[in-house]
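Novice: Submitted below is the structure of interest, expressed as structure tokens.
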Amino acid sequence: VLILPAPAVGADPRIRSAVDVFQIGPEKKTLLDLYVTSREAARAVASYPDVVLIDVRAPSDVQAVGIAIPVHRNVPYLVANDSVAEGRPAMAVNPKLVTHVDRVLRGKRLDRSATIVIMCIAGVHSARAADHLAERGFKNVYTVVDGFEGDRGPNGGRTVNGWRNHNLPWSLTARSDQMAFALPR
């Protein structure tokens, strides 16, 4: 008999996830304990128009490796701030993250109880972004545990899983309506 963990409080009953919460590493754990794989995220977004998909990678990552076609908005979780660390601009949580997510929800006539799926490169920053949103009153925030590019394989490349490696719909070029911040030229 296979015993699965009980769904997290606030979990969307339409979202079926095979992610074993007991196998999630601490770097990908979230306050809400809501997880999906990239395949499950693609299925949810395709099946339910009220499920919102947010990509929290840096715009430069989107420009370099592409974006999932159904992404509603790319809103980076981290942005450079005015300080410098190790010769590079230091990164801080994007102060406009909540504002941009709220704007996407309002545009779809949704509120903070809506189902939101957050994706990054491989599930670490999406987990932190999900926590950031949960701490600010968002009720139903999932993280894509394998992200857009996936986890690292034995050779160090991101070849194990992820949206792109599963050949889910993606493009090298983001649509202008997907970008919360302008891409550098």
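Novice: About its Cα centre, how strong a charge dipole does the chain have in debye, to the nearest 20, once Lys and Arg get +1 and Asp and Glu get -1 at the Cβ?
Specialist: Taking the Cα centre of the chain as origin, the dipole is about 440 debye.
Novice: State the percent of C-alpha pairs, over all pairs in region 87-185, separated by a distance greater than 17 angstrom. Kindly include the intermediate steps, with their values, before the conclusion.
Specialist: On the way: 2996 of 4851 pairs.
Roughly 62 percent, rounded to a whole number.
Novice: Same structure again: Starting from the 7 Å offset along Cα-to-Cβ, what nm value, one decimal, do you get for the label separation of residue 181 and residue 88?
Specialist: In this crude label model, residue 181 to residue 88 measures out at 1.4 nm.
Novice: So how long is each side of region 75-140 along the principal axes, counting just the alpha-carbon atoms, biggest first, in Å?
Specialist: 43, 22, 19
Novice: Further question on the same structure: State the percentage of accessible surface on the chain attributable to carbon and sulfur atoms; use a 1.4 Å probe and exclude ligands, DNA and RNA. Mind showing how you got there, number by number?
Specialist: Details: 5380 of 9820 Å².
Here it works out to 55 percent.
Novice: Right, something else. Find the accessible area per residue for region 85-185; the probe is 1.4 Å, ligands and nucleic acids are left out, and the unit is Å². Before the final figure, lay out the partial values.
Specialist: Working: 5300 Å² over 101 residues.
That works out to 53 Å² per residue.
Novice: Can you check what the Kirkwood hydrodynamic radius comes to for region 24-93, Cα pairs only, in Å to one decimal?
Specialist: On the way: mean 1/r = 0.0694 Å⁻¹.
When all Cα pairs of region 24-93 are included, the Kirkwood radius is 14.4 Å.
Novice: Residue 103: net charge of surrounding residues, Cβ under 13 Å, Lys/Arg +1, Asp/Glu -1, itself excluded? Show your work: numbers first, answer last.
Specialist: Values: positive: 73, 96, 106, 108, 109, 112; negative: 102, 111, 177.
Residues near residue 103 contribute +3 overall.
Novice: Let me ask another. Would you mind listing how long the chain runs along its three principal axes, going by Cα atoms, in whole Å with the largest first?
Specialist: Ordered largest first, the chain gives principal extents of 54, 44, 30 Å.
Novice: Can I ask one more? So what's the gap between the Cα centers of region 117-172 and region 66-96, to the nearest angstrom?
Specialist: 15
Novice: Not counting ligands, DNA or RNA, and with a 1.4 Å probe, what is residue 100's accessible surface area in Å² rounded to the nearest 10?
Specialist: 20
Novice: Further question on the same structure: Note down the nm distance, to one decimal, between modelled labels 7 Å out along Cα→Cβ at residue 172 and at residue 65.
Specialist: Result: 1.6 nm between the two label points.
Novice: Another question, if that's okay. Count the DSSP beta bridges whose two residues both fall in the chain, then state the antiparallel fraction as a percent rounded to the nearest 5. Intermediate values should be presented prior to the final figure.
Specialist: On the way: 7 of 20 bridges.
Roughly 35 percent of the beta bridges in the chain run antiparallel, per DSSP.
The values are calculated or read from the model by the stated rules, or taken from the named source; none is laboratory data. Treat the numbers as computed from the prediction; the structure is a model and nothing was measured. No Cβ is skipped: glycine too gets one built from the backbone with ideal geometry, and neighbour counts run over all protein chains shown. Each accessible area value is taken on the protein alone, full model and side chains, heavy atoms only, with ligands, DNA and RNA left out. Shrake-Rupley method; radii C 1.70, N 1.55, O 1.52, S 1.80 Å.
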